[in-house]
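As structure tokens, the structure follows; a few thoughts come after it.
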Ligand SMILES: Cc1cc2nc3c(=O)[nH]c(=O)nc-3n(C[C@H](O)[C@H](O)[C@H](O)COP(=O)(O)O)c2cc1C
């Protein structure tokens, strides 16, 4: 068997294989962001499905930072009990599985590609200094709750045009003070978030990052900016950096990238080498478009430490085990139709193409 089955050390966390479940909104929590049965079932299936590292969907650090009505929350101590059930369940379902919660704040309305049903309006351009540092502290408090709940790591959603990436992207950040303008200033908030989380969770708890490699917008942050930021995050102790990209209209962007790439999967692969140089030995995950084992092995051979999967695991949570153990090692049946992304704005996460129940209710 190739590299996919090899274990990996991520900041002291032992991961049994190279599959990373990239954070995927479940929209299955209670009205107060609490863990519910559907969520437990989803993560049970993912854990027994063999994914080495499972990252939850975007989990809100404040109640008003949510983009989805049924988004999971880590803003309140009362949520810790449910989160610890979730961590326990993952570990019991598969003792070799490692899990992290992805921390998220939506930022200004319409920024991310959530298609979410809530319209929030934190305007980073009008925020007072104290509001900004308070938000960084909210990331820290949420991270400490994740740690207390028994997860193996915490992850930061620093990509896709939500709050953290809004600060770094000139598309959103028009501040003229110390939080905006130069990339040093725009990078202050992401680095502050890392610093505050580190202070809260101590030196040994892995802090993972998902970040853009490019905003893919003429006035956005570009490759060089993100290489610079990745280097600083690595220096600041990020245990793993997951590479993604884009800020808006992500469904369209992905289709475009897929078209441009022809049949090629792994559409961010061309920038991997540059990010490897930028981050040194810090583990890197590449996410986006991977569907077949050969391509995933190629991505690892090209220098990634993990392959991130989202949509293939929606239609087939045991895809990792299928590829690792065979005999059926065919590519994912996910067609990247993106209807999961559109529907999760208002419904619990499901595969719109292969969930048998979707076929039953389609024409009703
Ligand atoms: C339904 C859906 C929900 C998603 N939710 C999140 C999320 O909560 N956090 C995040 O960082 N990315 C999220 N993403 C992006 C994925 O993690 C991933 O970066 C992207 O889908 C590309 O990978 P794939 O081709 O394996 O699906 C979501 C994508 C989909 C389709």
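Residues 25, 13, arranged from fewest to most other Cβ atoms within 10 angstrom of their Cβ, appear as 13, 25.
The mean sequence separation of alpha-carbon pairs under 8 Å and at least six residues apart, normalised by the residue count of the stretch 3-361, gives a relative contact order of 18 percent. Model label sites at residue 219 and residue 41, defined 7 Å from Cα along the beta-carbon direction, differ in position by 4.5 nm. Tally the DSSP beta bridges in the stretch 3-361 and give the antiparallel ones as a percent, rounded to 5. If we restrict to bridges inside the stretch 3-361, about 10 percent are antiparallel.
If R0 is taken as 25 Å, the Cβ-Cβ distance between residue 92 and residue 354 corresponds to a FRET efficiency of 0.35. Ordering of 138-147, 50-59 by packing is 50-59, 138-147, highest average first (other Cβ atoms within 10 Å, averaged per residue).
Within the stretch 45-65, which residues have the backbone N less than 16 Å from the label spot 7 Å out from residue 318 along Cα→beta-carbon, could you tell me? Only 45-52 fall inside the zone, counting backbone N under 16 Å. The share of C-alpha pairs in the chain whose separation exceeds 34 Å stands at 17 percent. Site pair residue 5 and residue 328 shows an inter-label distance of 1.9 nm when each label is modelled 7 Å from Cα along Cα→Cβ.
If one computes the Cα centroid of the stretch 300-358 and of the stretch 21-69, what distance in Å separates the two points? A separation of 16 Å, based on Cα centres.
Taking 0.36 nm per residue of sequence separation and removing the Cα-Cα distance, the residue 362/residue 277 pair yields an extension gain of 25.8 nm.
For the pair residue 199 and residue 174, a Förster radius of 25 Å applied to the C-beta separation gives a FRET efficiency near 0.30, rounded to the nearest 0.05.
Coordinate-derived values only; no laboratory data. In this text the structure is predicted, and so the values were computed from the model without any measurement. Note: ideal-geometry Cβ built from the backbone for every residue, glycine included; neighbour counts use all protein chains shown.
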